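Enquirer: Right, I'll just put the structure down here and ask away after.
The values are calculated or read from the model by the stated rules, or taken from the named source; none is laboratory data. Bear in mind that the values here come from a model prediction, so they are computed numbers and not experimental data. Don't worry about glycine lacking a Cβ; one is built from the backbone with ideal geometry, like all the others, and counts go over all protein chains shown.
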Amino acid sequence: MASLAAVTRPTPAFFFYANNSSRVLHSSTSQVAGILFPCSRKLSWKRASISSISHRREARTTVASAAIERRDSSYSPPWFSVAPMMDWTDNHYRTLARLISRRAWLYTEMIVADAINHQQENLDRMLEYPEFQHPIVLQLGGSSPEKLSKAAQLAKTYGYDEINLNCGCPSDKVAGHGCFGASLMLDPQLVGRALAAIAEGCPGIPVTVKCRIGVDHFDTYEFLYNFVATVASMSPTEHFIIHSRKAILKGLSPAANRTIPPLKYEFVYALINDFPHLKFTLNGGIDNIHQVCEGLKKGAHGVMLGRAAYNSPWAILGNVDNVVYGEARQGLTRRQVLEQYVEYADANLHKHGFKKPSIRHLVKPLLHLFHAEAGAGQWRRAVDESLRHSEDVRSLMKETLSILPDFVLDSPPPLEFSMEPVFCDLPPLPRLSSTQEHESDKIVEDKGLLCNHL
Ligand SMILES: Cc1cc2nc3c(=O)[nH]c(=O)nc-3n(C[C@H](O)[C@H](O)[C@H](O)COP(=O)(O)O)c2cc1C
């Protein structure tokens, strides 16, 4: 088994570079004249007009079997990704995130398969996004292989880079629809069939799973191991994103389900040891870039951040390209980011009808851009006031931005990390009992999972 572990993958930048690298930047110094943003520079990396929307409806390459294609590929998950978050990682937040980091992978909020299948007249509103948001992953919710496959095929024309199935949502509202979200972990065969069906309808697009480490009292390592082994053996899924806590389906709110069940990162590292042919992204409770680097160094194939990336976008996303991916620091400032964002926002205001989206929707992701900075609270209050009468985002910014000091608007992201280690004192990695190990190996071998990687 050990020889199968020899998976080569490039090395994240932080193995080579000191975090306080002072290497210089490439960004264009061409000036953009502007009364509102007098110091702003045009960002040289903008790949497409930010108001242009993706309609990559070209047919993707077809292959006889999605499963075969995935197994033959050298699939590699992103080192850094921003988690799917309902009501948070909408188009507008993702646009802001992409303006700050070129390299972070971005996940949509979960979109329920039924919503896509039953509201085909609203597909653009649910699924389109500016071209420059790539790489972007669509997260689907649902449990019926047929419905998920149909939804994925409808979404295919929008050119998502990957399709992810939600097996981690503990919400009663979602779980109440039958087997859905985290409760899907109780039926790994159904998950395997669902992912196989999605992949079959979308050849060439990787399918992935986001799950918990367990559900209710099904919280042993064996349970998680069997889930992964079964899903991977029945579908071309090679990448599992693991929120490292179990879900408690009854009695805890979704928010409490993200804090109360204890984090068990050792389960994820045990999976990394036990499935050398699969890839695992670590998620849950990570709140700075230093910890991202630490998690990768310890062997995670990727690290996903949710709340921290939303609540502190500048400190987190502003350091991803440099510290994780080793790119030269761009010297990007928030004034530049806002200049670009305002262009996007006003081009999209009321695009799908009255107040769809509204100024309030478009301004929402900006409210965390100055997290913990001088003047941030006063600015947010002024924004709130201005939302009552402003007709577009540019005029709102014009009215409020002078509240923030220039040094806040014009300085690059801070390079300060908490050095508090989170992965150095993990308990011993859980091991399978010998009977379980034998049985699980047999499942995996019977399904031909390992053979495909020899
Ligand atoms: C407001 C909110 C909405 C969320 N919605 C989703 C979702 O739609 N799909 C999903 O898989 N996880 C969802 N999550 C869970 C996150 O993706 C992530 O797994 C969780 O927040 C733990 O990561 P963190 O500690 O870095 O925030 C949500 C989390 C939050 C805070």
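Enquirer: Within the stretch 77-119, can you find the residues that are in a loop (DSSP other than H, G, I, E, B), away from the ligand (no atom under 11 Å from the Cβ) and among the hydrophobic types (A, V, I, L, M, F, W, C)?
Expert: Hits for the stretch 77-119 are Trp79, Ala104.
Enquirer: So which residues in the stretch 120-151 are among the small types (Gly, Ala, Ser) and within 16 Å of the ligand (Cβ to nearest atom)?
Expert: Gly141, Gly142, Ser143, Ala151
Enquirer: Right, something else. So for the stretch 330-339 (the condition being away from the ligand (no atom under 16 Å from the Cβ) and either at positive phi or free of Cβ contacts under 8 Å to residues at least 24 places away in the same chain (or both)), does at least one residue qualify?
Expert: yes
Enquirer: What are the residue pairs meeting all of these: first residue in the stretch 373-385, first residue not assigned by TED's automatic domain parsing to the domain that holds Arg360, second residue part of a helix (DSSP H, G or I) and polar (S, T, N, Q), Cβ atoms under 7 Å, and 6 or more apart or on different chains?
Expert: Sorted first by the residue in the stretch 373-385, then by its partner, the list stays empty.
Enquirer: Going through the stretch 121-147 one residue at a time, which ones are in a helix (DSSP H, G or I), more than 27 Å from Asn319 (Cβ to Cβ) and either modelled with pLDDT of 95 or more or among the charged types (D, E, K, R) (or both)?
Expert: Correct list: Glu121, Leu123, Asp124, Arg125, Met126, Leu127, Pro145, Glu146, Lys147.
Enquirer: Given (1) away from the ligand (no atom under 12 Å from the Cβ); (2) modelled with pLDDT of 95 or more; (3) surrounded by fewer than 24 Cβ atoms within 10 Å (Cβ to Cβ); (4) under 25 Å from Leu195 (Cβ atoms), where does Ser244 come up short, assuming only one miss?
Expert: Of the numbered conditions (1) away from the ligand (no atom under 12 Å from the Cβ); (2) modelled with pLDDT of 95 or more; (3) surrounded by fewer than 24 Cβ atoms within 10 Å (Cβ to Cβ); (4) under 25 Å from Leu195 (Cβ atoms), the odd one out for Ser244 is (1).
Enquirer: I'd like to know if the stretch 314-329 contains one or more residues that are surrounded by fewer than 24 Cβ atoms within 10 Å (Cβ to Cβ) and among the polar types (S, T, N, Q).
Expert: No: zero hits.
Enquirer: OK, next. Among all residue pairs at least 6 apart or on different chains, which show Cβ distances below 7 Å where the first residue, located in the stretch 252-267, is assigned by TED's automatic domain parsing to the domain that holds Ala308 and the second is of a type in the set (Phe, Trp, Tyr) and part of a loop (DSSP other than H, G, I, E, B)?
Expert: Sorted first by the residue in the stretch 252-267, then by its partner, the pairs are Tyr265/Phe423.
Enquirer: Considering the stretch 152-171 alone, what residues qualify as being more than 9 Å from the ligand (Cβ to nearest atom), of a type outside the set (A, V, I, L, M), touching a helix residue (DSSP H, G or I) at 6+ places or on another chain (Cβ under 6 Å) and not in a helix (DSSP H, G or I)?
Expert: Residues satisfying the conditions are Tyr158, Pro170.
Enquirer: Going by the conditions given, is Glu294 under 20 Å from the mean Cα position of the chain (by Cα) and in a helix (DSSP H, G or I)?
Expert: Yes: the conditions hold for Glu294.
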